[in-house]
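In what follows, a single structure is set out as structure tokens and then discussed.
The values are calculated or read from the model by the stated rules, or taken from the named source; none is laboratory data. If you're wondering where the values come from, they're calculated on a predicted model, not measured in any experiment. Here the Cβ positions follow ideal geometry from the backbone for every residue, glycine too, while neighbour counts run over all protein chains shown.
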């Protein structure tokens, strides 16, 4: 009987220890809700903490009274040995139980100070290795993704501002163009992204009708810069900026958009109301296939390999011979506001599917993600969320990362299996500060340890860039 009483006291002490452990970790440990973000399982942990506090205290006093009764243990031994021994013995299983109930969370490691004046905007971003390069109208700035420290800064030439940038980088370089106020975008530079210095810079014969920042005026293939000019598209050698090839425009036509992959260049020509898509060898300019596009106002090259072009909110994929395959709706109204090197931050092409934010009608706040087969436009799967879908990106492990944002600016990353749309791991709320994710264009850059997130607009209210780690 004495042994049974000792065991009951020890068990009650263990429950009290769990209560202390759960309460402490809920408010000061890995389970705390920081910056509005609570790790998954917070409801279960809070409920068990309350249960352990009430139940543990009542059970301990009941067990002690029973243990010191007739034929029992001395009071001093019960309080001084048995109860503390149970409390200590229960800490390890209590710790493991808590960890089992605690999901992932992203902790804010660094953030860039808000822009002043608050009208400043980030036009686009490049992620290269451990560096994030953020492009504003007046300056290019590189940050270390490990701690957010500034690595270099390159101002725009005097009297000019950024008017175009390539959506991809190549060999640690990025292509950027500058132009004066209400003047053509005629200065093109290839920038070494390790130090911000230009590899070369040259003046081009820019289209005089394009006198403000615009998407898809320049592109960067491996070894070749592709530039839309006045009456022509020109290929420039990445090594020194020398002309490699020139493709003249037909009479009455002008280049509306260009894009590039490592080896292919795409050109969208606008001839009156008609649009035409052409594929070129990026190194030689040799023409490949050509295909007619539906007429439209907004035209963007989403991908050159595979070829996917967006026309007025619909993605149009093409096969290797230039045959149109489908028309896939995109939820893009916010992403079309202003200039952006990547006009579609809520869509990603993964293999033979296009994954994009989905919303009924012209809804500015899509709350679902859908995957569509590029071959025929068939919807493969759909995943609905309670919060707005802000950005999509493919993780290094092959899973799709979906960044959602609630009305308070709190973000959560939700990993999905690209093939099925099913959850592929626990969700990861972003903790550290309130209101980190802006309501407009956002870019998400995964790395093996977490994510770098870049707000492109409203950067006076939200950090232009931030890093979060697991």
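Looking only at the stretch 145-171, count every residue that is under 20 Å from the mean Cα position of the chain (by Cα) and not in a strand (DSSP E or B) and tell me the total.
Total meeting the criteria: 9.
Can you tell me which residue in the stretch 428-470 is modelled with the highest pLDDT, limited to those that are over 13 Å from residue 111 (Cβ atoms) and more than 14 Å from the chain's Cα centre (by Cα)?
Going through the qualifying residues, I end up with 470.
Would you check which residues across the stretch 409-427 are within 24 Å of residue 114 (Cα to Cα), touching a strand residue (DSSP E or B) at 6+ places or on another chain (Cβ under 8 Å) and at pLDDT below 90 and list them?
410, 411, 412
I'd like to check something: does the stretch 440-447 contain any residue that is in contact with a strand residue (DSSP E or B) (Cβ under 7 Å, 6 or more places away or on another chain) and part of a loop (DSSP other than H, G, I, E, B)?
Checking the stretch 440-447: not a single residue is in contact with a strand residue (DSSP E or B) (Cβ under 7 Å, 6 or more places away or on another chain) and part of a loop (DSSP other than H, G, I, E, B).
Determine whether residue 142 is farther than 26 Å from residue 230 by Cβ, without any contact (Cβ under 8 Å) to a residue 60 or more places away in the chain and not in a loop (DSSP other than H, G, I, E, B).
Numbers: farther than 26 Å from residue 230 by Cβ: yes; without any contact (Cβ under 8 Å) to a residue 60 or more places away in the chain: yes; not in a loop (DSSP other than H, G, I, E, B): yes.
Judged against the criteria, residue 142 is a match.
Can you find, within the stretch 232-253, the residue that is surrounded by the fewest Cβ atoms within 10 Å (Cβ to Cβ) among those that are closer than 23 Å to residue 275 by Cβ and in contact (Cβ under 8 Å) with a residue 24 or more places away in the chain?
Result: 246.
Output the residues belonging to the stretch 106-131 that are over 30 Å from residue 24 (Cα atoms), surrounded by 15 or more Cβ atoms within 10 Å (Cβ to Cβ) and modelled with pLDDT of 85 or more.
112, 124, 125, 126, 127, 128, 131
Looking at residue 219, is it closer than 25 Å to residue 269 by Cα and surrounded by 19 or more Cβ atoms within 10 Å (Cβ to Cβ)?
Yes; evaluated as a whole, the condition is true for this residue.
At pLDDT 90 or above and either over 31 Å from the mean Cα position of the chain (by Cα) or surrounded by 23 or more Cβ atoms within 10 Å (Cβ to Cβ) (or both), is that true of residue 188? Walk me through how you get there before you give the answer.
On the way: at pLDDT 90 or above: yes; either over 31 Å from the mean Cα position of the chain (by Cα) or surrounded by 23 or more Cβ atoms within 10 Å (Cβ to Cβ) (or both): yes.
Judged against the criteria, residue 188 is a match.
What are the residues in the stretch 197-209 that are in a loop (DSSP other than H, G, I, E, B) and buried (at least 17 other Cβ atoms within 10 Å of the Cβ), if any?
204, 206, 207
Could you say whether any residue in the stretch 32-40 is within 21 Å of residue 412 (Cα to Cα), at pLDDT below 70 and assigned to a helix (DSSP H, G or I)?
No: the stretch 32-40 contains no residue that is within 21 Å of residue 412 (Cα to Cα), at pLDDT below 70 and assigned to a helix (DSSP H, G or I).
Name, by its number, the condition in (1) at pLDDT below 75; (2) surrounded by 14 or more Cβ atoms within 10 Å (Cβ to Cβ) that does not hold for residue 134.
Among (1) at pLDDT below 75; (2) surrounded by 14 or more Cβ atoms within 10 Å (Cβ to Cβ), the lone unmet condition for residue 134 is (1).
In contact with a helix residue (DSSP H, G or I) (Cβ under 9 Å, 6 or more places away or on another chain), outside any strand (DSSP E or B) and at pLDDT below 90: is that true of residue 103 in this structure?
So residue 103 fits the description; yes.
What's the number of the only condition in (1) part of a strand (DSSP E or B); (2) modelled with pLDDT of 90 or more that residue 375 fails to meet?
(1)
Does residue 214 meet the test of being surrounded by fewer than 24 Cβ atoms within 10 Å (Cβ to Cβ), within 23 Å of residue 250 (Cα to Cα) and modelled with pLDDT under 90?
yes
Do we find that residue 80 is surrounded by fewer than 20 Cβ atoms within 10 Å (Cβ to Cβ), over 26 Å from the mean Cα position of the chain (by Cα) and at pLDDT 85 or above in this structure?
Judged against the criteria, residue 80 is not a match.
Against the condition on the phi > 0 side of the Ramachandran plot and either surrounded by fewer than 20 Cβ atoms within 10 Å (Cβ to Cβ) or in contact with a strand residue (DSSP E or B) (Cβ under 9 Å, 6 or more places away or on another chain) (or both), how does residue 377 come out, does it pass?
yes
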